[in-house]
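Just so it is clear, none of the values below were taken in a lab; they were calculated from the coordinates. Fair warning: this is a prediction, and the values are worked out from it, not measured in the lab. Glycine gets a Cβ as well: all are built from the backbone with ideal geometry, and neighbour counts include every protein chain shown.
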Amino acid sequence: MNTPINPSDEYQIRLQRLTKINALGIDAYPKNVQRSHLINEAISDFEELEKSSAVLSLAGRIRSIRLHGGSCFIHLEDESAKMQAYFKQDVLGDEQYGFFNDSFDIGDFISITGTLFTTKRGEKSLLVQSFTLLSKALLPLPEKWHGLNDVETRFRQRYLDLLANPEVRQIFNKRSQIVQFIRNYFINLGFIEVDTPILQLLASGAIAKPFKTHHNALDTEMFLRVAPELYLKKLVVGGFEKVFEIARCFRNEGVDFAHNPEFTQIEFYWAYKNYNDLMGEMEKFLPALVREVCGDLTIEYDGHKINFAGPYQRVDFREALLNESGIDLDKYDSSALAKEAKKKGLAVESSWGKGKLADELYKKFVRPKLINPTFVINHPIELSPLAKKMTDRPNYVERFQLIIGGRIELMNAFTELNDPLDQEARFAFQSELAAKGDDEAMGNDNDFVTALKYGMPPTAGLGMGIDRLVNILTNTHNIKEVILFPILKPEEESRKVK
């Protein structure tokens, strides 16, 4: 077995080749590229192009080199496909053929011009008549020396992950397809897409710990948004009845399979609708999306067969927790619920209020059993400071979460609270939680309350995590797999190539 070449040694070898190329007066990084076809175009029109002896130019990265004395085969790859090319000494001449042999490496970008032919083994190929170096690669591609299976390296050097693992590129192609479908779906429903601020004077719109920063010119503390919700609802106050944003959001929280400090979600707000209307719409939206992206309504995720055909089961939060744990939220205050949660095995923190306790109990006893898409509805009011109370159960709100696979909270939606005095009181309660040490308590947005005092129509709103959605539809199990450049710990200097 051949001993793998150390990447640092190969770097020196390639630097020497670059020096020789420069000495010949050849630009190893030219500005102009000769290219007449993508590789997949050459393949799809191969018979016609071969028959007509058409001269075409391809450009891409060399993925393999096989020398055979006076001839050489390479595989050239662009974004569209991969194709074999044939270099012959008696076609190129001794000088050009020798230059190729002495100067080119796997990973280099090259433009080749020639005619198409089929080898004796039936492989579609291009007979090279001329070539141009487009970009000299100074480091070997991963499969050259050790492959790329280390998870940390894959996420940190995503460009190598994409080169070494073609299936990863397919994940991000599918992500793009999903985002485009979402955008088109809501535009076709009559929504308009908007942008709201990422830098905000107040962190509000979700129960989450924010990232803080400082604006020098204004000499004021600012926050990266945890959600676009309050700005979007201000637009509803201003007369827009259907708005959505595909928003980058930031939450200063732990990192695990379902959480990255920087993530993407869609939020939309729909005037004159309630949470029941949104559940009905999502039972149309999700099957349409899944069929478009996956070709079938039943997919594999995390060892489960997930069926996206509606309608979806609706599970009441209080009833489900009572059935699975024996705990009736209506019979406990915060202190008593904390004691009961400890008996059930939860590591309770002193800052947890009744809402947080209820949520953690639900995650332990209820959520793992919800495999097919399920609406968990009617949450405790303490968990939902922006949702409207239920008429007959004032301690609960008109809210749903869509759960998939026993662990993924894909959607969060409310019948939006539009009573400004009630909203003012809810914000005051969140301020009390913050004073007790809850660093996820929602900020008190007085400007939003003022906007509500001018009147907001009955409205329903929904947020959906796009990263988690891509996880489900690509059967991947870590949010880092579907974010091109996820947040990681700083890399040690010693790992850098010298």
*asked:* Starting from 0.36 nm per residue, how many nanometres of slack lie between Ala137 and Arg183 once their C-alpha separation is accounted for?
replied: 12.8 nm
*Work out how much length Asp330 to Asn478 would gain on full extension: take 0.36 nm times their residue separation and subtract the Cα-Cα distance, in nm to one decimal.*
49.7 nm
*Going from the alpha-carbon gyration tensor of the stretch 369-498, what semi-axes, largest first and in whole Å, does one get by taking the root of 5 times each eigenvalue?*
35, 22, 14
*asked:* As a test of the formula, what do you get for the chain when each DSSP H run with n ≥ 4 contributes -39,500 (n - 2.57) and the sum is divided by the residue count, at 222 nm and rounded to the nearest 500 deg cm²/dmol?
replied: -10500 deg cm²/dmol
*Quick one: grab Rg to one decimal and Dmax as a whole number for the stretch 7-147, Cα atoms only, in Å.*
15.0, 47
*Per residue and in Å³, how big is the convex hull formed by the alpha-carbon atoms of the stretch 110-251?*
260 Å³
*asked:* So if I take the alpha carbon set of the stretch 174-260, get Rg, then get Rh from the Kirkwood formula, what is the Rg over Rh ratio?
replied: 1.03
_I need the calculated FRET efficiency for the pair Ala347 and Glu432, taking r as the beta carbon distance and R₀ as 25 Å, to the nearest 0.05._
0.60
*Find how many whole Å separate the alpha carbon centroid of the stretch 49-84 from the alpha carbon centroid of the stretch 399-464.*
58 Å
*Please state, to two decimals, what the Cα-based radius of gyration of the stretch 226-361 comes to when divided by 2.2 N^0.38 Å (N = residues).*
1.34
*Do any GluC sites (Glu not before Pro) in the stretch 42-108 lie in a loop, going by DSSP, with at most 11 other beta-carbon atoms within 10 Å of their beta carbon, and if so which?*
Glu79
_Using all alpha carbons of the stretch 296-433, what is the percent of pairwise distances in each 5 Å bin, ordered from the shortest bin to the longest?_
2, 10, 18, 21, 18, 16, 9, 5, 2, 0
*Run through the DSSP bridge list for the chain and note the antiparallel percent, rounded to the nearest 5.*
90 percent
*Extension gain (nm, one decimal) between Lys82 and Ser130, 0.36 nm per residue minus Cα-Cα*: 15.4 nm
*With contacts defined as alpha carbon pairs under 8 Å and 6 or more residues apart, what's the relative contact order of the stretch 163-316 in percent?*
17 percent
*For a paramagnetic label modelled at 7 Å from the Cα of Asp219 toward its Cβ, which residues of the stretch 181-210 fall within the zone defined by backbone nitrogen distances under 20 Å?*
201-202
*Given the stretch 7-147, what percent of its DSSP beta bridges are antiparallel, to the nearest 5?*
90 percent
*Based on the Cβ-Cβ distance from Gln89 to Asn40, what FRET efficiency comes out when R0 is 35 Å, to the nearest 0.05?*
0.75
*How many angstrom lie between the C-alpha centres of the stretch 333-388 and the stretch 210-237?*
28 Å
*Quick one: grab the alpha carbon gyration tensor of the chain, order the square roots of its eigenvalues as a ≥ b ≥ c, and give me rounded if a/c is under 1.5, else prolate or oblate depending on whether a/b is larger than b/c.*
prolate
*How high is the relative contact order of the stretch 7-147, in percent, counting Cα pairs under 8 Å that sit 6 or more residues apart?*
28 percent
_Cut-off is 10 Å between beta-carbons; in what order do Val348, Val237 appear when sorted fewest neighbours first?_
Val348, Val237
